[in-house]
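**Student:** Sharing a structure below in structure tokens format, with a few things to ask.
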Ligand code: SAH
Ligand code: SF4
């Protein structure tokens, strides 16, 4: 028996590991990474990390050479081992209403969408994604038709903010008159199924020595992952938004299937217990207006009853259609009647005007082309890069 030894694989040089990107690390991770690499001695780490942090998160630099307060030898050592590069922007679209949308690629088959909407919040809100795709299948949501590809890392969430600020020219962090004043976790994915990364990202973007966005200007929207509400509040002190959309279990089971697991009563109890909830820190209820489905005056009255006693705002969202969607948006008059009932009961209920419709950037319209690929295929793609 003859045996042929195939040496072709063995002779191929192994691909060098990609340098670690420092721009999405928490302070603790940054410290550990620098000390471990021997670039910074442990006893000097605190001071060095404070310096680096300011360059990365306050000035937004993407080149170690720009860090003029750091000596040349250290800058060179950093550049040899690490990177600050932004991810690739596959597509950038600007709507005729000023809304901007980016498709960002952070790895093979990993495409993330984020949307900046001027005139929302204090000045402008960035809608960030927490996952590529979603495991939940809300029937009115385009993302819900896409399988979950994977959770995003904290760095990938922070990168969305950094890309937006690059585009707005908003470095170093302005003290006032910011264009990007609010962050909403209302892009692709269910943030409470990725709480560790979401909490890490919020730590980075709210750090006072960096991007310095107040936690009160950061809103996390959930379809109702009830057991994670208290951990969310305790870990992030973020503002809470709940995608309610229906006031009885039969209808909510249909629209938001997660309701079968955590019903309305359980959800409302968890909301009432949300850490820090007060008149100054209200929960936002989101309610998508679906023609003939959940938009009657009786539904409006049921909504008032349901949220009674909770410091709340109600956001009515006109349904944004997408190709093949099974619903229609309620008529304008119906939405106004609905809003008037809420207003009479004392709830400010702004009707969220759809933004960026021409570039499919409105709520629930995000669906990337990323498909779930087998891990083995992903490894092959990564090796080929
Ligand atoms: N998964 C989270 C956050 C992302 S969705 C959640 O469900 O809350 C952000 C908001 O957009 C949610 O309130 C969601 O219900 C709403 N939404 C989804 N599809 C929509 C559509 N086609 N039209 C209007 N709003 C939609
Ligand atoms: Fe997922 Fe939110 Fe869309 Fe539901 S509405 S499918 S939870 S992204």
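The values are calculated or read from the model by the stated rules, or taken from the named source; none is laboratory data. None of these values were measured; they are calculated from a predicted model. Cβ atoms come from the backbone with ideal geometry, glycine included; neighbour counts cover every protein chain shown.
**Student:** Residues 211, 204: which one is assigned to a loop (DSSP other than H, G, I, E, B) and modelled with pLDDT of 95 or more?
**Tutor:** Numbers: 204 fails: assigned to a loop (DSSP other than H, G, I, E, B).
Exactly one residue qualifies, and that residue is 211.
**Student:** Go through (1) free of Cβ contacts under 8 Å to residues at least 24 places away in the same chain; (2) in contact with a helix residue (DSSP H, G or I) (Cβ under 9 Å, 6 or more places away or on another chain) and name the single condition residue 174 misses.
**Tutor:** (2)
**Student:** Okay, moving on. Name the single residue, out of those in segment 118-130 being surrounded by fewer than 24 Cβ atoms within 10 Å (Cβ to Cβ) and at pLDDT 90 or above, that is nearest to ligand 1 (Cβ to nearest atom).
**Tutor:** Going residue by residue through segment 118-130, those that are surrounded by fewer than 24 Cβ atoms within 10 Å (Cβ to Cβ) are 118-125.
Now restrict to residues that are at pLDDT 90 or above: 118, 124-125.
Details: 118: 19, 124: 17, 125: 12 Å.
Applying the filter and picking the extreme gives 125.
**Student:** Could you list, in sequence order, the residues of segment 122-137 that are more than 8 Å from ligand 2 (Cβ to nearest atom) and in a loop (DSSP other than H, G, I, E, B)?
**Tutor:** Hits for segment 122-137 are 122, 123, 128, 129, 130, 133.
**Student:** Please pick out the residue among 236, 230 that is surrounded by fewer than 20 Cβ atoms within 10 Å (Cβ to Cβ), modelled with pLDDT of 95 or more and farther than 16 Å from residue 59 by Cβ. Walk me through how you get there before you give the answer.
**Tutor:** Values: 236 fails: surrounded by fewer than 20 Cβ atoms within 10 Å (Cβ to Cβ).
Among 236, 230, only 230 is surrounded by fewer than 20 Cβ atoms within 10 Å (Cβ to Cβ), modelled with pLDDT of 95 or more and farther than 16 Å from residue 59 by Cβ.
**Student:** Counting only residues that are in a loop (DSSP other than H, G, I, E, B), buried (at least 17 other Cβ atoms within 10 Å of the Cβ) and modelled with pLDDT of 95 or more, how many does segment 33-61 have?
**Tutor:** Residues flagged as in a loop (DSSP other than H, G, I, E, B), buried (at least 17 other Cβ atoms within 10 Å of the Cβ) and modelled with pLDDT of 95 or more within segment 33-61 amount to 2.
**Student:** Report, by residue number, each residue of segment 201-221 that is buried (at least 22 other Cβ atoms within 10 Å of the Cβ) and more than 13 Å from residue 161 (Cα to Cα).
**Tutor:** 220, 221
**Student:** In addition: Evaluate segment 266-276: report whether one residue or more is touching a strand residue (DSSP E or B) at 6+ places or on another chain (Cβ under 6 Å) and either within 12 Å of ligand 1 (Cβ to nearest atom) or assigned to a loop (DSSP other than H, G, I, E, B) (or both).
**Tutor:** For segment 266-276, residues touching a strand residue (DSSP E or B) at 6+ places or on another chain (Cβ under 6 Å) and either within 12 Å of ligand 1 (Cβ to nearest atom) or assigned to a loop (DSSP other than H, G, I, E, B) (or both): present.
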